[in-house]
Structures are given as structure tokens and as C-alpha cells.
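Below is one structure, written out as C-alpha cells, with a few remarks after it.
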Amino acid sequence: MSVTDQPSTTTAMAPEEMAITHLPSDATGAEIAAALERDGCVVVDNLASDDTIDALLAEMQPFVDVTPTGPDEFTGFQTTRTGGLVARSETARSLVAHPTALAACDAFFDHVTNYQLHLTQIIAIGPDAAEQGVHRDQWAFDFFPFPNGYEVQCNTIWAGTDFTEANGATRVVVGSHRLEDGRKFPIEQTIPAEMTKGSVLFYTGALYHGGGPNQTEATRVGINITYNVAWLRQEENQYLTVPLDVAATLDEPLQRLIGYNRGAYALGYIDDLRDPIEALRTGGQNGGFGDRDSLDDALDRRDRLGDGD
Ligand SMILES: O=C(O)CCC(=O)C(=O)O
């Protein structure tokens, strides 16, 4: 994606003009990233099997059962948010590191050295829940005004149940990732991301969206797994959420994805410039900052940005 500060659009599309693109389950990372760049959101249909979703939800159910509902309107008085998926569910790890999700992130985050897991959350919207306020997820970064077009998050919400307008499908403002910051949208100016169980909605950190109201008798379950640029802080603190002895058992790409990695050439090293992965190993030595090639790539990107490309 381009990293320049693009002029923001001031006019949002009318809901009747909006449509969410659906891609098939064999969509490539480049196709997903292109749709994200154009629309700010895209659904990939039927990417996870029912068996995967059912296994993940069964592993998480004991934790979901004891999760309190939200304390305020934004988190939702009828909604539970259960985190720690990497620590608590082996099956969830296969979604966190799903090849299609990571291929999309690889293509989408080509403006940074690294990205990382940002948060994992089962969002269960109960019957009679009101809609969530429409927001940008990147407001979590203390409302920092990122340049328009400089995306810091690639988000997924996997449908743990079918997502319908009636049961609280995520509501989106298609194309709103290019609008100016600080906008307010009533629900009438959004459309629902309807999709079948096992499908996944990708959306950027700049897209205006929110959980929909649940007007059914059944709970809507979403599995929210998000990624962010690795020079920013993670929303869910993986170092404290995933016990060290559990983190040590994960395969190395997942260890690096959850944060045992440098965020850029010199970011996040341990003591005498050691690679953070060494926190999970005994006896290793890996001196120096990160790899020089990635630093050279970062410098090239900075020079291109300076040229306004
Ligand atoms: O549950 C959803 O559909 C969206 C939730 C969301 O946007 C959030 O909690 O930030």
C-alpha cells in the first residue's frame, strides 16, 4: 500500500450505494489487500471449516462462560469479550496464523518492517444487545492522527455463527477508511457484513464500523483476531496473557507473531542487543540489532516517501 498522506474524502457513500465485496476461500493475500485498500473491508467466504470453528469455540467455552458482560455501552452491556485465545485454545492458533490471513497481512503491511498480533477476542453479542458506537479501531492508539492512507491495523472477525443483520453482524461504512478522522455515523449510515459461519471479515484500523444490535434470541459469536504494525503497542498484552512456559511450546513463527520479535531494526531487543526470541530459549546468543537488510529496506521506504510516491 502507499504510505503517503493521501487527501481524505469528505463525503461518505450512502448506504444504498455501498456493497461489501465477497472473495472466495482461495483468494490471495494480494487480492484481499487490494480490496482493503479500495474499500477498507472485504469478506472471504467459508475460509474456516465448521469443525475448526466448533473446536475453537468448545475449547474457549469454559472461559466464555465465566466472562462478565461489558461495563459500558461501548463494550456492550449484553456482550462478552473473552481473550487469551493463543494461550487458551490450540485451534485458535491455526486461525491466528492462518495462511490466508498472514498472506493478506504480508501484502497489506508492505510499508513497515514487521507486524504482530494485536488482539484476540471472542465477541459474543447476546439477545437484545444494542448496537455498538461506530468507531475506528486505530483510535485505541490514544487517538493519534495517523496520515490518511498510513494503515496501522489489519483486522479480522471470523464468524463463529452466521452473521446476519438481525443477530448483530458487524456494521461498516464501506470506503470510510479514507474519510477524515473524528466522524460520527448513526447506524442508518452503515451496512451489515452478513456472512456464513467460518467466513471472515477483513477490515482496516481506519474503517468506521461497530458491532450491530442483536434482535434475535440467539447469541452472535465473532472471533476477532487483529494485527498491527510492530512499532506500535499491542492492545492485548501477549507477554502477560500467554504464560512464558506456553509461549515456549509454540512454533517460532507464532512466537515471533505474538511479539517475540523485533518491531524494526532496533526495536524491542533484550539487554545486550539480543533477539527477543531468546527469552523463550536457553543458552542462545544473538548479538547486534536486527538484520541490516530490513534496515536498508526501511531506509528505501523512507526515501520513497520523501519523494511522495
Ligand atoms: O463485534 C463486532 O462485530 C465488532 C466489534 C468491534 O468493532 C469492537 O469491539 O471494536
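Some values worked out for this structure:
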read-out	value
Scope segment 114-133; condition buried (at least 21 other Cβ atoms within 10 Å of the Cβ), polar (S, T, N, Q) and either under 15 Å from residue 256 (Cβ atoms) or more than 10 Å from the ligand (Cβ to nearest atom) (or both); matching residues	116, 120
Failed condition for residue 86, given (1) touching a residue at least 60 places away in the same chain (Cβ under 8 Å); (2) out of contact with any Lys or Arg (no Cβ under 7 Å at 6 or more places or on another chain); (3) crowded, with 22+ Cβ neighbours inside 10 Å; (4) under 22 Å from residue 255 (Cβ atoms)	(2)
Among (1) among the acidic types (Asp, Glu); (2) out of contact with any strand residue (DSSP E or B) (no Cβ under 6 Å at 6 or more places or on another chain); (3) more than 18 Å from residue 41 (Cβ to Cβ) - the single one residue 236 does not satisfy	(2)
Subset of segment 137-157 that is surrounded by 23 or more Cβ atoms within 10 Å (Cβ to Cβ) and under 27 Å from residue 188 (Cβ atoms) - its residue that is nearest to the chain's Cα centre (by Cα)	155
Cβ pairs under 8 Å, 6+ apart, first in segment 211-237 and in the same structural domain as residue 92 (by TED's automatic domain parsing), second assigned to a loop (DSSP other than H, G, I, E, B) and basic (Lys, Arg)	230/262
Among the candidates 87, 97, residue that is assigned by TED's automatic domain parsing to the domain that holds residue 164 and within 17 Å of the chain's Cα centre (by Cα)	97
Pairs where the first residue, in segment 182-204, is more than 19 Å from residue 56 (Cα to Cα) and the second is of a type in the set (Phe, Trp, Tyr), C-beta under 7 Å, 6+ apart	183/208; 185/208; 193/163; 194/163
Candidate set from segment 188-210 (those that are in a strand (DSSP E or B) and over 21 Å from residue 119 (Cα atoms)); member that is farthest from the chain's Cα centre (by Cα)	191
Segment 134-178: number of residues that are away from the ligand (no atom under 15 Å from the Cβ) and either farther than 29 Å from residue 25 by Cα or free of Cβ contacts under 8 Å to residues at least 24 places away in the same chain (or both)	6
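To keep it simple, each residue is scored yes or no on (1) under 13 Å from residue 123 (Cβ atoms); (2) within 16 Å of the ligand (Cβ to nearest atom); (3) of a type in the set (Phe, Trp, Tyr); (4) assigned to a helix (DSSP H, G or I).
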residue	(1), (2), (3), (4)
212	yes, yes, no, no
215	no, yes, no, no
218	no, yes, no, no
223	yes, yes, no, no
228	no, yes, no, no
231	no, no, yes, no
234	no, yes, no, no
245	no, no, no, yes
249	no, no, no, no
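The values are calculated or read from the model by the stated rules, or taken from the named source; none is laboratory data. A quick note: this is a predicted structure, and the numbers were derived from the prediction, not measured. Cβ sites come from the backbone with ideal geometry, for glycine too, and all protein chains shown count toward neighbours.
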